[in-house]
Every structure is written in C-alpha cells, then in structure tokens.
Amino acid sequence: MTESDIAIEALDLVKRFGDFTAVDGVSFVVPRGTVLGLLGPNGAGKTTLINQLTGVLPPTAGRVELHGRDITGMAPHRRVGLGLVRTFQINQLFGSLTPLQSL
C-alpha cells in the first residue's frame with residue numbers, strides 16, 4: 001500500500017490521564033474509501049481514541065497522519081479543513097420530525 005492509498009493512520013498512540021492509561025500504543029491504517037467500525041466495551045478507550053484522531057485531545061505519545069501528513073499537533077478546526085470530521089450519537093428522535101426526517 002502506498003502513502004496515497006492511506007486516508008488516516010494512527011502510529012503508536014498513547015493517552016494517559018495521570019496514572020490511568022486510556023489508550024496504549026494503538027496503531028492502525030485506514031485505506032481510502034474504507035468504512036471502519038470501532039467496537040469495544042464501555043471504558044475501553046474508543047472515545048479517547050477518536051478524540052485524539054480529531055484533535056480534541058492531544059496524545060501523550062504517538063502521532064496521527066491524514067493522507068500522509070502529520071496532523072498530531074493540528075487544531076480540530078484545521079483538521080476539518082482537511083476533511084477530517086466526526087459526528088456524535090443522538091439517541092432520540094426530534095419530536096416534530098418523522099424518523100426519516102430526523103436522519
């Protein structure tokens with residue numbers, strides 16, 4: 001796989017909160033055009049990992065690359081300008097909308 005085939009890459013990401021390690025040495029590559037799911041129990045570090053990818057939390061160690069570019073220290077709004085965005089789970093429907101309209 002060439003660098004141009006990679007959408008996002010996590011390289012040995014670590015996030016510590018004091019003595020607690022929430023993310024410990026996570027590395028992965030997501031090829032362009034891939035749909036990826038992140039599964040795990042409560043407290044496994046899923047949200048912390050996503051927050052590191054999107055710049056909401058800086059990693060304690062490791063780095064994040066987007067299309068081969070190191071974005072580890074980049075602010076979240078600058079990452080959005082490069083096409084890296086996230087959505088949040090809303091687990092209730094809007095009362096005035098049909099379920100389809102809510103989507």
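The values are calculated or read from the model by the stated rules, or taken from the named source; none is laboratory data. Since we're looking at a predicted model, the values are computed, not measured. With ideal geometry, Cβ positions are generated from the backbone for all residues, glycine too; neighbour counts draw on all protein chains shown. Side chains are part of the model used for accessible areas, which takes the heavy atoms of the whole protein and leaves out ligands, DNA and RNA. Shrake-Rupley method; radii C 1.70, N 1.55, O 1.52, S 1.80 Å.
Shape summary of the chain, radius of gyration then Dmax from alpha carbon positions: 15.7, 48 Å. Please report, as a whole percent, how much of the solvent-accessible surface of the range 33-103 comes from carbon and sulfur atoms (probe radius 1.4 Å). That share works out to 59 percent. With R₀ fixed at 35 Å, the C-beta to C-beta distance from A44 to Q101 puts the FRET efficiency at about 0.55. Each of V35 and F94 was given a label point 7 Å from its Cα along the Cα-to-Cβ line. The distance between the two points is 2.4 nm. Per residue, the accessible area of the chain comes to 69 Å² when a 1.4 Å probe rolls over the protein heavy atoms.
Here's the picture: charge each Lys and Arg Cβ at +1 and each Asp and Glu Cβ at -1 in the chain, and of L49, P76, I6 the one pushed furthest to the positive end of that dipole is P76.
Based on DSSP loop calls and a cut-off of at most 16 other Cβ atoms within 10 Å, the longest stretch of the chain free of exposed chymotrypsin sites (Phe, Trp or Tyr not before Pro) is what? It runs 1-87. Packing, taken as the mean count of other beta carbons within 10 Å per residue, orders the peptides 69-76, 36-43, 56-63 from highest to lowest as 56-63, 69-76, 36-43.
Distance between the pseudo-spin-label points of F17 and R78 (7 Å out from Cα toward the beta carbon): 2.6 nm.
With charges set only on the Cβ (+1 for Lys and Arg, -1 for Asp and Glu), what does the dipole of the range 1-100 come to about its Cα centre, in debye to the nearest 20?
320 debye
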